[in-house]
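Down below is the structure, laid out as structure tokens.
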Number of protein chains: 2
Amino acid sequence: MNLILLLEEDWIESDHRVRLLGRRRRHVLNVHRAGLGDELRVGRLGGAVGYGRIVHIDESALEMEVRLEADPPPPLAVSLVLALPRPPVLGRVLISVTSMGVKRIILLNAGGVEKSFWQSRALAEESIFEQCLLGLEQARDTQMPQVLLRKRFMPFVEDELKGLIAGGQGFVAEPAAASTPASTPASTPASTPASTPTGLRTPSFPGQKVGPALLAVGPESGWNSHELGCLESAGLERISLGVRPLRVETILPALLSRFT
Amino acid sequence: MNLILLLEEDWIESDHRVRLLGRRRRHVLNVHRAGLGDELRVGRLGGAVGYGRIVHIDESALEMEVRLEADPPPPLAVSLVLALPRPPVLGRVLISVTSMGVKRIILLNAGGVEKSFWQSRALAEESIFEQCLLGLEQARDTQMPQVLLRKRFMPFVEDELKGLIAGGQGFVAEPAAASTPASTPASTPASTPASTPTGLRTPSFPGQKVGPALLAVGPESGWNSHELGCLESAGLERISLGVRPLRVETILPALLSRFT
């Protein structure tokens, strides 16, 4: 926790004093090992960042005098469309991409997404909020990302995707090569050496500074050819980091860093 | 498992047949859902990649006829010096950086590394081998990285670091800003707004194509000023992805992707 995020219910008496309970109180005392008079970085959820000086500690609560004086770090101007990952991966990924400054995350269905993933508790509003909060605290940010769930691929692509790209560039990538032996064990042609990249992938990649962008990242088994066709028709350009299939938690920071 | 890595003890009878037990047999049957006659991507640890056709399955073993015909993917020409992370993070990080193609990983001590981390079972040779194996299987690679443990910072920097950089460029980064409130809660000057990057950091960054490089990444609390001074004196250039402190598992793919 590089910054303590202050929620609406934390404020007491005035605009300058907060009372922390539970996880944040314990963290300040046990991890920061802070005591009366110490100053810690704080930020108001959705607002400014600054410092809080500890003015009271008791067995259930900790109080700070707060002064907020600076803007949070600038957002990363990338909207992320992500094929819904396995639930244990989703939590880590939300922390990671939130810490990198992504402010719009669309979790999308795809052929390679198992139906059961959509039943997961990790998709409950509180769970998503909690993971994003951890990402904000990590990066000293206060601006909660918007996380949208889109359980139907085609309506999203047909009705929403173009609006999201408008004025920027769109890119599509996938953690894995387009076809893995897992999905087509018997049909792998002998003429395709394992180290050859799939013919469809392009080595081109945006430079370090691009304007607002949208990045669509597929499931670990890849987008299927229909999905890829739809995304390309919608104007997304295919990009790749190379021939190595990567885990989604690895490829996301790797791709997003190209937009910082 | 995008590729099944074949170890020395797997080979039977000839150079063309392997017998798999345990984890890999179960994975082929339960995850790949492959059966007799199916072909799967395989690679010989340290050698070529190709395909294995399943020719025998019984209750304890699975046998494949193997043909190896291509080189594994090219390595990433980056040596990684990493302040030893917390044990649960270390495993994920080894998978991630191995999957990205790093072939030399030096786990280094630093002021911000807790002594207990060095006692962890995650540092046992078998544990490290296993995590790296998962990274290779993920990326369809066969070339095991070299993982070196350096429990003393100064001897490494004085005796080994320059030799590792020779002929290439060296860079130093850290997941967090140099000073966090956790380590200096009472001394945070009121005149430093939280969103200002630490004065020492440089925004410069290598372009997309660089020659052999060495990247040194500090602990989550940052390198201390003595360590940073030593690393800079040894010729490492400071780089940063911006003002956001990131987790080590996030910043590593983000930084390494700049070298692909």
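The values are calculated or read from the model by the stated rules, or taken from the named source; none is laboratory data. Quick caveat: nothing in here was measured; it's all calculated off a predicted structure. Backbone-built Cβ (ideal geometry, glycine too); neighbour counts: all protein chains shown. Just the protein is used for accessible areas: all its heavy atoms, side chains included, with ligands, DNA and RNA removed. Shrake-Rupley method; radii C 1.70, N 1.55, O 1.52, S 1.80 Å.
Determine if the range A:248-258 includes at least one residue that is away from chain B (no Cβ under 13 Å) and either open to solvent by 30 Å² or more (accessible area, probe 1.4 Å) or modelled with pLDDT under 65 (or both).
Looking through the range A:248-258, none of the residues is away from chain B (no Cβ under 13 Å) and either open to solvent by 30 Å² or more (accessible area, probe 1.4 Å) or modelled with pLDDT under 65 (or both).
What's the total number of residues in the range A:216-259 that are free of Cβ contacts under 8 Å to residues at least 12 places away in the same chain and touching a helix residue (DSSP H, G or I) at 6+ places or on another chain (Cβ under 8 Å)?
Summing the residues that are free of Cβ contacts under 8 Å to residues at least 12 places away in the same chain and touching a helix residue (DSSP H, G or I) at 6+ places or on another chain (Cβ under 8 Å) in the range A:216-259 gives 1.
Can you tell me which residue is modelled with the highest pLDDT among those in the range A:202-213 that are more than 14 Å from chain B (Cβ to nearest Cβ), under 23 Å from the mean Cα position of the chain (by Cα) and part of a loop (DSSP other than H, G, I, E, B)?
So the residue we want is A:PRO212.
Here is a list of conditions, (1) under 13 Å from the mean Cα position of the chain (by Cα); (2) under 15 Å from B:VAL89 (Cα atoms), and B:LEU123 meets all of them except one; can you say which number that is?
The single condition B:LEU123 does not satisfy is (1).
Can you confirm whether B:THR198 is hydroxyl-bearing (Ser, Thr, Tyr), modelled with pLDDT under 50 and surrounded by fewer than 20 Cβ atoms within 10 Å (Cβ to Cβ)?
Taking the combined requirement at face value, the residue satisfies it.
Conditions (1) in contact with a strand residue (DSSP E or B) (Cβ under 8 Å, 6 or more places away or on another chain); (2) open to solvent by 50 Å² or more (accessible area, probe 1.4 Å); (3) modelled with pLDDT under 90, marked per residue:
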{"site": "B:MET1", "(1), (2), (3)": "no, no, yes"}
{"site": "B:GLU8", "(1), (2), (3)": "no, yes, no"}
{"site": "B:ILE12", "(1), (2), (3)": "yes, no, no"}
{"site": "B:ARG25", "(1), (2), (3)": "yes, no, no"}
{"site": "B:LEU29", "(1), (2), (3)": "yes, no, no"}
{"site": "B:ARG33", "(1), (2), (3)": "no, yes, no"}
{"site": "B:GLU39", "(1), (2), (3)": "yes, no, no"}
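Kindly indicate which of A:GLU160, A:GLU130 is closer than 16 Å to A:LEU5 by Cα and either more than 14 Å from chain B (Cβ to nearest Cβ) or among the small types (Gly, Ala, Ser) (or both).
A:GLU130 is the lone residue from the list that is closer than 16 Å to A:LEU5 by Cα and either more than 14 Å from chain B (Cβ to nearest Cβ) or among the small types (Gly, Ala, Ser) (or both).
Criterion first (closer than 24 Å to A:GLU220 by Cα and touching a residue at least 60 places away in the same chain (Cβ under 8 Å)) does B:PRO88 satisfy it?
Answer is no for this residue.
Counting just the residues of the range B:41-65 that are small (Gly, Ala, Ser) and away from every other protein chain (no Cβ under 11 Å), which one comes out surrounded by the fewest Cβ atoms within 10 Å (Cβ to Cβ)?
Checked the range B:41-65; the qualifying residue surrounded by the fewest Cβ atoms within 10 Å (Cβ to Cβ) is B:SER60.
Of all residues in the range A:66-75, count the ones that are open to solvent by less than 50 Å² (accessible area, probe 1.4 Å) and touching a Lys or Arg at 6+ places or on another chain (Cβ under 6 Å).
1
When A:ALA216 is evaluated against the numbered criteria (1) surrounded by 20 or more Cβ atoms within 10 Å (Cβ to Cβ); (2) at pLDDT below 95; (3) away from chain B (no Cβ under 13 Å), which criterion, by number, is the only one it fails?
(2)
Looking at A:VAL18, A:VAL49, can you tell me which residue is in contact with a Phe, Trp or Tyr (Cβ under 6 Å, 6 or more places away or on another chain) and modelled with pLDDT of 95 or more?
A:VAL18
Let me spell it out: the conditions are (1) more than 14 Å from chain A (Cβ to nearest Cβ); (2) touching a residue at least 12 places away in the same chain (Cβ under 8 Å), and B:ALA139 meets all of them except one. Which number is the exception?
Checking B:ALA139 against (1) more than 14 Å from chain A (Cβ to nearest Cβ); (2) touching a residue at least 12 places away in the same chain (Cβ under 8 Å), the one that fails is (1).
Output the residue which, of all residues in the range B:57-75 that are assigned to a strand (DSSP E or B) and free of Cβ contacts under 8 Å to residues at least 24 places away in the same chain, is nearest to B:ASP141 (Cα to Cα).
B:ALA70
Look through the range B:1-16, keep the residues that are in a loop (DSSP other than H, G, I, E, B) and among the acidic types (Asp, Glu), and return whichever of them is farthest from the other protein chains (Cβ to nearest Cβ).
Top of the filtered list is B:GLU13.
Filter the range B:219-246 down to residues that are charged (D, E, K, R) and in contact with a Lys or Arg (Cβ under 9 Å, 6 or more places away or on another chain) and give me whichever is farthest from the other protein chains (Cβ to nearest Cβ).
B:GLU232
For the range B:76-181, give me every one of the helices (runs of 4 or more DSSP H) that falls completely inside it and has 3 or more residues that are open to solvent by 50 Å² or more (accessible area, probe 1.4 Å), at positive phi and touching a strand residue (DSSP E or B) at 6+ places or on another chain (Cβ under 9 Å).
Counting at least 3 such residues, we get no helices (runs of 4 or more DSSP H) at all.
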